[in-house]
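Heads up: the structure comes next, in structure tokens.
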Amino acid sequence: MRVISGNNKGKKLFAPKDMSVRPTSDKIKEAIFNMLGYIDEDSVVLDLFAGTGNVGIEFLCRGAKQCHFTDISHKSISFVKKNIALCKLEDKSMVYINDYEKAINYFTRCNVKFDYIFADAPYHLNCAQKVIDLVLNNEILNKNGTLIIECEKTEKMFEYGIPSVLEYKEKIYGITKIGIIKFSEE
């Protein structure tokens, strides 16, 4: 697992030796950023279920202004902090230990909005649709923002149809589904 592009390109990041965390693979991370294209330098990012922080760090290395990392696991948060320090990104990073629902509620109360939200929950939680609903209902995604969901390919999203206010694209890579959600142009 490494930084793919930007000012820390090629830097190998810390990850647990066991399977307690499933970091987003370099192949999938590269596919995500190819789908997103240019990352604006004023972008504020949320890396929900941060794990090792590797996707949020990639956003920062590609020019994002700030990234908020959140995870419920103390072990994961320790890897996030080590990787942020390794890449010298402390001044652009905020780290929280919290579950995803409490984190989203916290950002709502503090009126924090994001340009990009990346959510890669442990696959067994099967919570992609719940994350989408929480993000949209709590209005923590800017109107020009993008929500990126990584989940198991069998997990259902928008089972009852995609609301007309949203644009949705998905790609499948092996057992992984990537969903890109944006508000439709008005």
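The values are calculated or read from the model by the stated rules, or taken from the named source; none is laboratory data. Predicted model, so just to flag it, every value in this text is computed and none were measured. Counting neighbours? That spans all protein chains shown, and the Cβs are built from the backbone with ideal geometry, glycine included. These accessible areas exclude ligands, DNA and RNA; they are computed on the full protein's heavy atoms, side chains included. Shrake-Rupley method; radii C 1.70, N 1.55, O 1.52, S 1.80 Å.
Residues in the stretch 61-95 that are more than 18 Å from Glu41 (Cβ to Cβ) and within 14 Å of the chain's Cα centre (by Cα): Phe69, Thr70, Asp71, Val80, Val95.
Do we find a residue being in contact (Cβ under 8 Å) with a residue 40 or more places away in the chain and of a type outside the set (Lys, Arg) anywhere in the stretch 151-168? The answer is no; no qualifying residue exists. For the stretch 173-184, filtered to residues that are surrounded by fewer than 16 Cβ atoms within 10 Å (Cβ to Cβ) and either at pLDDT 95 or above or among the hydroxyl-bearing types (Ser, Thr, Tyr) (or both), the residue that is nearest to Val131 (Cα to Cα) is Ser184.
Scanning the stretch 27-49 for residues that are free of Cβ contacts under 8 Å to residues at least 40 places away in the same chain and of a type in the set (A, V, I, L, M, F, W, C) yields a single hit, Phe33. Kindly indicate whether any position in the stretch 17-27 is crowded, with 18+ Cβ neighbours inside 10 Å, under 19 Å from Ala85 (Cα atoms) and under 14 Å from the mean Cα position of the chain (by Cα). Yes, the conditions are met somewhere in the stretch 17-27. Residues in the stretch 148-168 that are exposed (fewer than 11 other Cβ atoms within 10 Å of the Cβ) and modelled with pLDDT of 90 or more: Thr154 only. Per this entry, Ala103 is not counted among residues that are out of contact with any Asp or Glu (no Cβ under 6 Å at 6 or more places or on another chain) and more than 23 Å from Ile132 (Cβ to Cβ). Of everything in the stretch 81-126 that is assigned to a loop (DSSP other than H, G, I, E, B) and charged (D, E, K, R), the residue that is surrounded by the most Cβ atoms within 10 Å (Cβ to Cβ) is Asp120.
With respect to the stated conditions, Thr70 is within 18 Å of Ile148 (Cα to Cα) and either outside any loop (DSSP other than H, G, I, E, B) or open to solvent by 40 Å² or more (accessible area, probe 1.4 Å) (or both). Residues in the stretch 37-60 that are open to solvent by 20 Å² or more (accessible area, probe 1.4 Å) and on the phi > 0 side of the Ramachandran plot were compared, and the one that is farthest from the chain's Cα centre (by Cα) is Gly37.
Do you know which of the residues in the stretch 2-16 that are touching a strand residue (DSSP E or B) at 6+ places or on another chain (Cβ under 7 Å), at negative phi and open to solvent by 30 Å² or more (accessible area, probe 1.4 Å) is modelled with the lowest pLDDT? Ranking the qualifying residues of the stretch 2-16, first place goes to Arg2.
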